[in-house]
Number of protein chains: 2
Amino acid sequence: MKSETKSEIIDATNRVLCKHGYAGLTMQKIADESSLTTAAIHYHFDTKEELLNAFLDNLIERFTSKLASEATDPRERLTAFLDAVFSSPNPDVDGFPVAIMELKSQAPFQTPFRERFLGLDDMVREIVVDIVADGIDEGHFEETDPNEIAGLVTTTINGAHARKVALGEPLDETRHVLETTLELHLGWNPGSEVVA
Amino acid sequence: MKSETKSEIIDATNRVLCKHGYAGLTMQKIADESSLTTAAIHYHFDTKEELLNAFLDNLIERFTSKLASEATDPRERLTAFLDAVFSSPNPDVDGFPVAIMELKSQAPFQTPFRERFLGLDDMVREIVVDIVADGIDEGHFEETDPNEIAGLVTTTINGAHARKVALGEPLDETRHVLETTLELHLGWNPGSEVVA
């Protein structure tokens, strides 16, 4: 498949999910939001589920590249991680939080969705465990259980996401609370500057 | 409306949401899960949205009564609060977490749902603020910002809920992490016994 066609379908799917939710998603609406016909979309994706799996893979890929950081100091890596997670969605991917929530609520019914969310969660947990363990080894963070911190961080991120979508709460509020809590656990606040 | 009829419709709605999600919810499926006809259900609720608003009200009512506690000591109230929030769903309300997640993901599209979730959130936050402020006043908890703790607790609860539904993670794991964090903030672990 040409990558422009794929991106066009993915972007149109995002817009339909944000306007109508999973319940209102049809191939016709995706066609209406793009320059393609339903026949052209069906040529690339046999079913709605196949299209949504590709959508989710694309979304996870974009998120993963956002998480990549050049930093080596665990404190800088932690701040960069929070920046990536709590940054306002880019205009061209705006609405992704709503789209993710739509598919997350389908995870109990759609095993391929659940598997993708479990994979994403494992990846995020591993990043946090790694940063915290390195920070302890290098003497920047107080002794603590990196797995426990990873559980705290991922659960808070999931909560912040649900609150943004369902209640309209800004992500910044949660970031501040998480930073205060991390300071208590690690003895270092990810909102502060790293002094070498 | 007879309260048995109402409960029967509510329970059937819960089962349909848990089996088919919001996207698959129809009056016909609710009728199939109950002893009522679609005409009888329509007699009580004009639209699916009206029925779901009543469903959500009922659910919030049950949750509110679960949160009521006889305790007066802020430490006991905090433990009772966590017991209520993190207890495994009662068999006869089993599946409610999935049903709530289905409606939460509809909150961006359905203002009446969003208003109910905002009201529920305010109520839960106020309970936590009240417990923490009393605990500080009475010298059981260290000085801290009760609003910040309420933000931390509600976000963690929302995250735990999303993780249970989307990833199948047990609520106990989050409770443990939250208790450890609260201990750092309050100087008291809600998992420990209150010694008078």
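Values as computed for the structure displayed
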quantity: Residues located in segment A:104-117, provided they are under 19 Å from residue B:24 (Cβ atoms), assigned to a helix (DSSP H, G or I) and either more than 9 Å from chain B (Cβ to nearest Cβ) or in contact with a Ser or Thr (Cβ under 9 Å, 6 or more places away or on another chain) (or both); calculated: A:104, A:111, A:112
quantity: Tabulated pairs, segment A:45-64, first of a type in the set (Gly, Ala, Ser), second outside any helix (DSSP H, G or I), C-beta under 9 angstrom, 6+ apart or interchain; calculated: A:54/A:45
quantity: Leading residue by the ranking (surrounded by the most Cβ atoms within 10 Å (Cβ to Cβ)) among those in segment A:172-196 that are in contact with a Leu (Cβ under 7 Å, 6 or more places away or on another chain) and touching a residue at least 60 places away in the same chain (Cβ under 8 Å); calculated: A:190
quantity: Helices (runs of 4 or more DSSP H) wholly inside segment A:3-92 containing at least 3 residues that are open to solvent by less than 10 Å² (accessible area, probe 1.4 Å); calculated: A:3-20, A:48-67, A:74-86
quantity: Residue B:178 being facing chain A (nearest Cβ under 7 Å), of a type in the set (A, V, I, L, M) and closer than 27 Å to residue A:179 by Cβ; calculated: no
quantity: Meets criteria (touching a Gly at 6+ places or on another chain (Cβ under 6 Å) and open to solvent by less than 40 Å² (accessible area, probe 1.4 Å)) for residue A:169; calculated: no
quantity: Flag if residue A:150 is more than 8 Å from every other protein chain (Cβ to nearest Cβ), among the aliphatic types (A, V, I, L, M) and open to solvent by 10 Å² or more (accessible area, probe 1.4 Å); calculated: no
quantity: Which listed residue, of A:135, A:159, is in a helix (DSSP H, G or I) and over 22 Å from residue A:60 (Cα atoms); calculated: A:135
quantity: Test: residue B:160 is small (Gly, Ala, Ser), within 30 Å of residue B:11 (Cα to Cα) and facing chain A (nearest Cβ under 9 Å); calculated: yes
quantity: Residues within segment B:9-25 that are out of contact with any Asp or Glu (no Cβ under 9 Å at 6 or more places or on another chain) and more than 12 Å from residue B:102 (Cα to Cα), tallied; calculated: 2
quantity: Hits in segment A:112-140 (condition: open to solvent by 10 Å² or more (accessible area, probe 1.4 Å), of a type in the set (Gly, Ala, Ser) and over 30 Å from residue A:50 (Cβ atoms)); calculated: A:133, A:139
quantity: Sole residue being free of Cβ contacts under 8 Å to residues at least 12 places away in the same chain, within 14 Å of another protein chain (Cβ to nearest Cβ) and farther than 25 Å from residue A:22 by Cα, chosen from B:122, B:83; calculated: B:122
quantity: Residue under evaluation residue B:143, criteria (1) modelled with pLDDT of 95 or more; (2) crowded, with 23+ Cβ neighbours inside 10 Å, criterion not met; calculated: (2)
quantity: Counted residues, segment B:11-44 - those being within 14 Å of chain A (Cβ to nearest Cβ) and out of contact with any helix residue (DSSP H, G or I) (no Cβ under 6 Å at 6 or more places or on another chain); calculated: 5
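The values are calculated or read from the model by the stated rules, or taken from the named source; none is laboratory data. All figures in this text were calculated on a predicted structure; none of them were measured in a lab. Every residue, glycine as well, gets a Cβ built from its backbone with ideal geometry; the counts of neighbours run over all protein chains shown. Accessible surface is based on the protein model in full, side chains and every heavy atom, while ligands, DNA and RNA are left aside. Shrake-Rupley method; radii C 1.70, N 1.55, O 1.52, S 1.80 Å.
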